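For reference, the structure is listed below as structure tokens.
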Amino acid sequence: MSLIKRNPSKEMELWNSGFPVARSLERFQRDMNRMFDEFFRGDLFDTDWTRSISWNPAVDISESNDSYNIKAELPGLKNEDVKITLNNNVITIRGEKKSDGEKKGSNFHRIERQYGSFERSFILPGTVSSDKIEALFNDGILTVTLPKTEETKEKVVDIKIK
């Protein structure tokens, strides 16, 4: 008999896939943690508190036979606001979403849009053809295509039976 170490985060992933409402609870927990962090750092009392908040854009990562594909939601950003780097099979997407600034004579009743810098890094399995990476930024969606090298592509070979 072998012992298997309990992994609560893995259990949560399985639970999340079966119960979509769990994602809302997870988001609520993140927001509460952020609020407490801001409170104890004093950010809630800062006059321009939006500058101190970092945000993490939503990202989807998929894999096909030929490439890894990353899609990131970056609303309100431009090409020059985003930088992508690849180093030792770790891809990093970073940038900054700047505030529109406070307008004279405006009284805000609610501020929900987040501003600030962000950085997301992902470890890529296998090898990537770094000279063939392509990135497309369209309608607030960044799509990065990372082609696999020939030796990592899945090859199907039919074997004849004698």
Please specify each residue of the range 51-94 satisfying the condition of being touching a residue at least 24 places away in the same chain (Cβ under 8 Å), part of a strand (DSSP E or B) and small (Gly, Ala, Ser). 67, 72
In the range 34-77, which residue that is within 24 Å of residue 93 (Cα to Cα) and basic (Lys, Arg) is modelled with the highest pLDDT? 71
Can you find even one residue in the range 132-142 that is of a type outside the set (S, T, N, Q), in a loop (DSSP other than H, G, I, E, B) and modelled with pLDDT under 90? no
Does the range 19-33 include one or more residues that are touching a strand residue (DSSP E or B) at 6+ places or on another chain (Cβ under 6 Å), modelled with pLDDT of 65 or more and of a type in the set (Ser, Thr, Tyr)? no
Going by the structure shown, is residue 121 exposed (fewer than 13 other Cβ atoms within 10 Å of the Cβ) and not in a loop (DSSP other than H, G, I, E, B)? yes
By residue number, the members of the range 124-162 that are without any contact (Cβ under 8 Å) to a residue 40 or more places away in the chain, surrounded by 11 or more Cβ atoms within 10 Å (Cβ to Cβ) and among the basic types (Lys, Arg) are 132
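The values are calculated or read from the model by the stated rules, or taken from the named source; none is laboratory data. Remember, predicted model here, so these are calculated numbers, not experimental data. Reconstructed Cβ throughout: ideal geometry from the backbone, glycine too, with neighbour counts over all protein chains shown.
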